[in-house]
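Participant: One structure coming up, written as structure tokens, with questions to follow.
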Amino acid sequence: MTRPTHTLALLAAVLAALGGLIPILIPGCSRPGGGRLAIKGSDTMVALGQLWAEEFMKVNPDAIVSVTGGGSGTGITALIQGSCDVAQASRRIEQEEMDEARAAGRVPVEHVVAWDGIAVIVHPSCPVNSLTLPQLSDVFQGKITSWKDLGGKDAPIVLLARETSSGTHVFFKERVLQLDGERPDADYVRSAVLSTSSQAVHDEVASNPNAIGYVGIAYVDYKVKALGVAADRDSPYYEPTIEHIRDHSYAIARPLYAYTAGELPETVRKFLDFAQGPQGQAIVKEVGFIPVPDEAPQPAPAGPRAEGPPER
């Protein structure tokens, strides 16, 4: 199982304390000709953006880079309004946002900068080891409310989700609750606790034996247990490892994006080249995500089946 690096864990803790804001400045950044670059958006990606910025400024000492979280939707809105240069997003831009951007004279350009898997996590003491997508959909809609209905103990399920501005919130809703369009009206139950970051979800699950939540795979460590997931009860169960995402087995995987708009200033172009180049992709791997050259996950092939709980 992928574990977050010490650096990622430390950055996540700092981000939680500061509300997702980390301005990054280094000596010499006020020199004439130094490019300014504002990055805003996905909290899943903000620690990755922080590390990219630090290394980028080492090789571009005249650059001034700031990295701010707040969620994918917040970043895309800032890009549309012209208050950031790069919007980091853990979901694809929506048509309504594209229309709004065009109306503002700013047409977003999409750049895939990494790949990620969404891990469904529980407390290590939880006896449930795997679930199907339909079961997860029912859990997060509030149709299944007790662990005993999933093969666990007789205890209420405590639901943890990301806040509505989070790209992870939107992706999980579309991919899992709505099953890629099969349940178009599905939505999170009102009792779900909305958390401001993946680290907050991780920490609550780690301390609550009845909790279930979801995080990017970079946030999975020994303090939580990641469940195996199957498309349905007739499909194999796979855990969210880098290998299973890379070979298209794991069902809840996604690209991570950077969005820009208009003609790119030199500093923005250099930063994107850096992030998508060998050094930037090495940082992607270090953090626990998957480098860009890997292809998008496809429907899971036949494979070994892990024992899962009975379908409800």
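Participant: Looking only at the stretch 286-307, decide whether some residue is more than 30 Å from Gly152 (Cα to Cα), modelled with pLDDT of 90 or more and in contact with an Asp or Glu (Cβ under 8 Å, 6 or more places away or on another chain).
Facilitator: Taking every residue of the stretch 286-307 in turn, at least one turns out to be more than 30 Å from Gly152 (Cα to Cα), modelled with pLDDT of 90 or more and in contact with an Asp or Glu (Cβ under 8 Å, 6 or more places away or on another chain).
Participant: Ser249 fails exactly one of the following numbered conditions: (1) part of a helix (DSSP H, G or I); (2) modelled with pLDDT under 95; (3) buried (at least 19 other Cβ atoms within 10 Å of the Cβ). What is the number of that condition?
Facilitator: Here Ser249 clears every test but (1).
Participant: Right, next: Could you tell me whether any residue of the stretch 121-130 is in contact with a Cys (Cβ under 7 Å, 6 or more places away or on another chain), in contact (Cβ under 8 Å) with a residue 40 or more places away in the chain and either in a loop (DSSP other than H, G, I, E, B) or buried (at least 21 other Cβ atoms within 10 Å of the Cβ) (or both)?
Facilitator: no
Residue-wise test of (1) crowded, with 18+ Cβ neighbours inside 10 Å; (2) at pLDDT 95 or above; (3) not assigned by TED's automatic domain parsing to the domain that holds Ser42; (4) not aliphatic (A, V, I, L, M).
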residue: Val170; (1), (2), (3), (4): yes, no, yes, no
residue: Arg175; (1), (2), (3), (4): yes, no, yes, yes
residue: Ala192; (1), (2), (3), (4): yes, yes, yes, no
residue: Ser198; (1), (2), (3), (4): yes, no, yes, yes
residue: Val205; (1), (2), (3), (4): yes, yes, yes, no
residue: Tyr222; (1), (2), (3), (4): no, yes, yes, yes
residue: Ala226; (1), (2), (3), (4): yes, yes, yes, no
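Participant: Go through (1) assigned by TED's automatic domain parsing to the domain that holds Gly151; (2) surrounded by fewer than 20 Cβ atoms within 10 Å (Cβ to Cβ) and name the single condition Gly262 misses.
Facilitator: (1)
Participant: Another question, then. Tell me which residues, restricted to the stretch 227-240, are over 19 Å from Gly288 (Cα atoms) and in a loop (DSSP other than H, G, I, E, B).
Facilitator: Listed by number, the residues that qualify are Ala231, Asp232, Arg233, Asp234, Ser235, Pro236, Tyr237.
The values are calculated or read from the model by the stated rules, or taken from the named source; none is laboratory data. All of these numbers come straight from a predicted model, not from anything done at the bench. Backbone-built Cβ (ideal geometry, glycine too); neighbour counts: all protein chains shown.
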